[in-house]
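S.K.: Have a look at this one.
The values are calculated or read from the model by the stated rules, or taken from the named source; none is laboratory data. Because the structure is predicted, anything quoted here is derived from the model rather than measured. So basically every Cβ, Gly included, is an ideal-geometry build from the backbone, and we count neighbours across all protein chains shown.
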Amino acid sequence: MLIITADDYGKTKHATDSILTCHAGRHITSASAMVFMEDSERAAVLALIAGLEVGLHLNYTVPFNSGSIPSKLRDHHNRVISYLNAYKLNQMLFNPFLRNSFHYLFSTQQDEFIRIYGKKPEFFNGHHHMHLCANVLLAGMIPTGERVRRTFTFNSGEKNLLNRLFRRVIDNMIAKRYISSDSFFSMTPIQDKRLQNIFSRGVKDIVEIEVHPENREEMDFLLSDRYLHFASSVRLGSFKEADKKKKKGEWLNKCS
């Protein structure tokens with residue numbers, strides 16, 4: 001089964017509308033939504049009308065830009081943004097001095113999601129994948145048992161040994177605490193042989209593919225006959241369906 005998740009829902013009007021266009025034609029299955037962004041509240045109303053499965057796209061790396069951001073929230077956010085964007089290594093290091101800021105940002109974003117959507121997120125992931133940074137993952141910030149995105153899946157030889165070992169550690173932590181897919185890929189680069197290999201995994205496994213319809217290349221592909229040809233070979237499904245399958249024991253999370 002394939003889960004096609006469109007990221008950055010609510011970030012801008014263009015991002016929201018592009019995702020809704022894809023959902024209307026059943027070219028995506030879900031969307032991860034940003035809160036405290038310029039189109040967050042309108043996006044929430046439209047998602048409920050469209051029946052779109054929506055999760056929380058945690059944001060620790062780009063400024064919130066909705067109408068009015070409380071000074072306390074902005075201060076905590078700016079501290080975390082500065083830290084994570086300063087050096088790539090910082091996302092892998094637990095910073096005890098920012099513990100409270102990370103917790104405050106998580107709880108505030110989750111509360112805002114519940115306020116505008118009227119329910120808890122169906123799943124969790126992060127802008128620039130920062131839901132997997134040390135200060136979020138090691139602190140157990142996302143409650144155990146939730147649906148959470150794993151790291152990108154790479155074939156042997158695509159990344160060096162140290163990179164693959166690090167990803168394995170992260171994926172094993174996710175597998176023990178959360179519900180996740182068997183593998184996770186980005187839609188880009190859009191290459192036929194690569195996509196054929198990814199889509200074929202969905203015949204037996206649960207595969208999540210991340211897309212960004214606000215980008216013209218991805219939008220054009222998602223609405224194309226070429227995409228429909230790939231998608232016709234496998235069933236598209238939702239995180240809820242993956243959850244039910246796992247709980248019924250119909251599939252095993254094979255993190256590797």
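S.K.: Let me confirm something: among Ser186, Ser200, Ser107, which residue is among the small types (Gly, Ala, Ser) and in contact with an Asp or Glu (Cβ under 9 Å, 6 or more places away or on another chain)?
M.R.: Numbers: Ser200 fails: in contact with an Asp or Glu (Cβ under 9 Å, 6 or more places away or on another chain); Ser107 fails: in contact with an Asp or Glu (Cβ under 9 Å, 6 or more places away or on another chain).
Only one candidate qualifies: Ser186.
S.K.: Tell me, please, whether a residue that is farther than 20 Å from His212 by Cβ, in contact with a Ser or Thr (Cβ under 6 Å, 6 or more places away or on another chain), modelled with pLDDT of 95 or more and buried (at least 18 other Cβ atoms within 10 Å of the Cβ) can be found in the stretch 32-39.
M.R.: No, that holds for no residue.
S.K.: Moving on to the next point. Can you tell me which of Ile198, Ile179, Ile116 is within 16 Å of the chain's Cα centre (by Cα) and of a type outside the set (S, T, N, Q)?
M.R.: So the residue among Ile198, Ile179, Ile116 that is within 16 Å of the chain's Cα centre (by Cα) and of a type outside the set (S, T, N, Q) is Ile179.
S.K.: Moving on. State whether the residues of the stretch 95-115 include one that is within 30 Å of Ser232 (Cα to Cα) and in a loop (DSSP other than H, G, I, E, B).
M.R.: no
S.K.: Tell me the helices (runs of 4 or more DSSP H) entirely within the stretch 13-90 that contain at least 2 residues that are under 22 Å from Arg115 (Cα atoms), free of Cβ contacts under 8 Å to residues at least 40 places away in the same chain and among the small types (Gly, Ala, Ser).
M.R.: 40-50
S.K.: Could you go through the stretch 77-99 and let me know if any residue there is surrounded by fewer than 15 Cβ atoms within 10 Å (Cβ to Cβ) and of a type in the set (Val, Ile, Thr).
M.R.: The answer is no, given that none of the residues of the stretch 77-99 is surrounded by fewer than 15 Cβ atoms within 10 Å (Cβ to Cβ) and of a type in the set (Val, Ile, Thr).
Quick grid of which residues meet (1) in contact with a helix residue (DSSP H, G or I) (Cβ under 9 Å, 6 or more places away or on another chain); (2) acidic (Asp, Glu):
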{"position": "Tyr178", "(1), (2)": "no, no"}
{"position": "Asp182", "(1), (2)": "yes, yes"}
{"position": "Asp192", "(1), (2)": "yes, yes"}
{"position": "Gln196", "(1), (2)": "yes, no"}
{"position": "Arg201", "(1), (2)": "no, no"}
{"position": "Asp205", "(1), (2)": "no, yes"}
{"position": "Ile209", "(1), (2)": "yes, no"}
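S.K.: A follow-up question, please. Of the residues in the stretch 51-81, how many are of a type in the set (D, E, K, R) and either touching an Asp or Glu at 6+ places or on another chain (Cβ under 6 Å) or at pLDDT below 95 (or both)? Lay out the reasoning, then the answer.
M.R.: The first filter runs over the stretch 51-81 and keeps only residues of a type in the set (D, E, K, R), leaving 53, 72, 74-75, 79.
Narrowing the set further to residues that are either touching an Asp or Glu at 6+ places or on another chain (Cβ under 6 Å) or at pLDDT below 95 (or both) leaves 53.
So the count comes out to 1.
S.K.: Then there is this: Quick one: how many residues across the stretch 123-136 are under 11 Å from the mean Cα position of the chain (by Cα) and either assigned to a loop (DSSP other than H, G, I, E, B) or touching a residue at least 24 places away in the same chain (Cβ under 8 Å) (or both)? Write out each step before concluding.
M.R.: Initial filter on the stretch 123-136 (under 11 Å from the mean Cα position of the chain (by Cα)): 123-132.
Next cut, either assigned to a loop (DSSP other than H, G, I, E, B) or touching a residue at least 24 places away in the same chain (Cβ under 8 Å) (or both) only: 123-128, 130-132.
Number of matching residues: 9.
S.K.: Still on this structure: May I ask you to list the residues in the stretch 8-27 that are surrounded by fewer than 24 Cβ atoms within 10 Å (Cβ to Cβ) and of a type in the set (A, V, I, L, M, F, W, C)?
M.R.: Hits for the stretch 8-27 are Leu20, Cys22, Ala24.
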